[in-house]
1. Do any residues in region 16-45 that are closer than 12 Å to ALA67 by Cα and part of a helix (DSSP H, G or I) have Cβ atoms under 6 Å from those of residues that are modelled with pLDDT under 90 and open to solvent by 80 Å² or more (accessible area, probe 1.4 Å), where the two are at least six apart or on different chains, and which pairs are they?
2. Answer yes or no as to whether VAL178 is open to solvent by 60 Å² or more (accessible area, probe 1.4 Å), more than 22 Å from the chain's Cα centre (by Cα), within 25 Å of ARG18 (Cα to Cα) and modelled with pLDDT under 80.
3. Select from region 125-153 the residues that are over 27 Å from ARG18 (Cα atoms) and polar (S, T, N, Q) and write down the one among them that is most open to solvent (accessible area, probe 1.4 Å).
Amino acid sequence: IGTGLALPFLLLIWLVRRAFYVIQKPSGALFSSSLYAISLAIGFWILKPVSITAVFPLMGVASFVGAALMLVFGGLVETKASNFFDLREQFFSQIHYGKPLFIAAFLYTAGSQFQVFVTGSLVSVASAGIWRALQNFALPIMQVVTAVSVLILPVLSTEFGRGDFPSMRRKGFLFMAV
């Protein structure tokens with residue numbers, strides 16, 4: 001239960017850190033991680049958790065402290081009442097934005113896992129295991145491409161925001177060449 005309650009807050013600190021990278025302020029990401037680490041250390045010192053189940057809620061609280069302080073004081077969220085956005089408009093905007101991501105995630109899963117299920121149902125479970133073992137040679141390459149794309153995304157977003165499409169295109173081609 002502690003893990004389930006803490007997980008959204010752990011993901012929140014990751015989201016806040018990534019937001020600072022997108023706006024090209026890595027010092028904000030460093031500061032939010034430092035706040036998280038300090039909050040976690042103070043929590044360990046005060047509570048001295050005796051079991052692993054007590055650690056997850058503590059991590060969730062420390063993540064919330066680090067993320068909330070950086071959202072407000074880091075300049076990512078305006079605190080004036082007139083600057084708050086319409087939640088319904090934001091919700092539908094996020095759904096509109098997330099449709100291609102959902103389709104891409106589905107296609108990625110279908111491309112990497114579908115063959116295993118089909119092989120297991122049509123041939124045998126042992127053959128599906130062999131196929132999955134063979135896929136282990138290609139999976140690290142896919143992970144490297146994913147990791148490098150996370151690094152290049154803020155750079156391409158910045159170029160897009162500036163309207164510098166030739167530079168964005170050149171950097172995109174360089175990324176694909178790597």
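The values are calculated or read from the model by the stated rules, or taken from the named source; none is laboratory data. Here the structure is a predicted model, which is why all the values come from computation and not from measurement. Backbone-built Cβ (ideal geometry, glycine too); neighbour counts: all protein chains shown. Only protein heavy atoms, including side chains, enter the accessible area calculation; ligands, DNA and RNA are left aside. Shrake-Rupley method; radii C 1.70, N 1.55, O 1.52, S 1.80 Å.
1. The qualifying pairs are ALA29/TYR21.
2. Yes: the conditions hold for VAL178.
3. This residue is ASN136.
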